[in-house]
Amino acid sequence: MVPVNLSAESFHPFHVSSTDINYNPKTNTLEVSCRIFTDDFELALAKAYHTKTDLSSDARHKAMDVLVKKYVLSNIGFRTPAKTLDLTYLGFEKDNEATIVYLESEPVQGLKKIETTNSVLYDQFDDQSNIMHFSGYGKRKSSKLDYPDRKIVVEL
């Protein structure tokens, strides 16, 4: 009999997250949603914070909220040519096999150029890719960060 490997890699062979960044000219903020495979995310949270994780549990949602906020804010950032933007964590939700995390930046007038840092799950997988979709002023640009690359600059 051949042993069966039921590791996270057997469920999905690619380690990828997808982040949508939308510049809202009415509020002058970046509206950010980051989609991460839940099983990978739970592994990263457990490793980073040395605790049991369950992003699907309604009973543990508040406790997981604290961990998700801490992790995502330490792994995603935005900088204009003038300053690093403060981000507000809005929450997370489960969507099938993914977890979606929502953030919003402080207002920034007339955003034209943004440096983004994204190292989500780099502490977990050395084959991680983070796909970034930027929207603003009717334009959409996409980029991909492959481990260990963390930063990209986009002009809108």
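The values are calculated or read from the model by the stated rules, or taken from the named source; none is laboratory data. Everything quoted here is computed from the prediction, not taken from an experiment. Neighbour counts are summed over all protein chains in view; Cβ atoms, including those assigned to glycine, are modelled from backbone coordinates with ideal geometry. Surface accessibility is based on the protein's heavy atoms, side chains included, excluding ligands, DNA and RNA. Shrake-Rupley method; radii C 1.70, N 1.55, O 1.52, S 1.80 Å.
Taking only protein heavy atoms into account and a 1.4 Å probe, give the accessible area per residue of region 10-115 in Å².
On the way: 5580 Å² over 106 residues.
Per residue, region 10-115 has an accessible area of 53 Å².
Round to the nearest 0.05 the FRET efficiency obtained for R150 and D39 when R0 = 22 Å and r is the Cβ-Cβ distance.
Values: r = 23 Å, r/R0 = 1.05.
Computed FRET efficiency for R150 and D39 comes out at 0.45.
Say the cut-off is 25 Å between C-alpha atoms; which of K26/K141; K26/K144; K69/K94 go over it? Display every interim value, and only then the final one.
On the way: K26/K141 20 Å; K26/K144 28 Å; K69/K94 15 Å.
With Cα atoms farther than 25 Å apart: K26/K144.
Which FRET efficiency value, to the nearest 0.05, do you get for T51 and K26 by plugging their Cβ-Cβ distance into 1/(1 + (r/R0)^6) with R0 = 35 Å? Walk me through the numbers before you get to the answer.
Numbers: r = 39 Å, r/R0 = 1.12.
So the FRET efficiency works out to roughly 0.35.
Let me know the volume per residue of the alpha-carbon convex hull for the chain, in Å³. Mind showing how you got there, number by number?
Numbers: hull volume 19.9 nm³, N = 156.
In the chain, the Cα hull volume divided by residue count equals 128 Å³.
Could you tell me what percent of the accessible area of region 40-84 is made up of carbon and sulfur, with a 1.4 Å probe and every protein chain present? If you can, show how the numbers build up before the last one.
On the way: 1410 of 2540 Å².
So the carbon and sulfur contribution to the accessible surface is 55 percent.
In nanometres, what is the gap between the two model label sites at Q109 and I131, each 7 Å from Cα along Cα-to-Cβ?
Once both label points are built, they end up 3.7 nm from each other.
Helix 61-75 sits at what angle to the longest principal axis of the chain, using alpha carbons and giving 0 to 90 degrees rounded to 10?
Taking Cα atoms only, the helix is inclined about 60 degrees.
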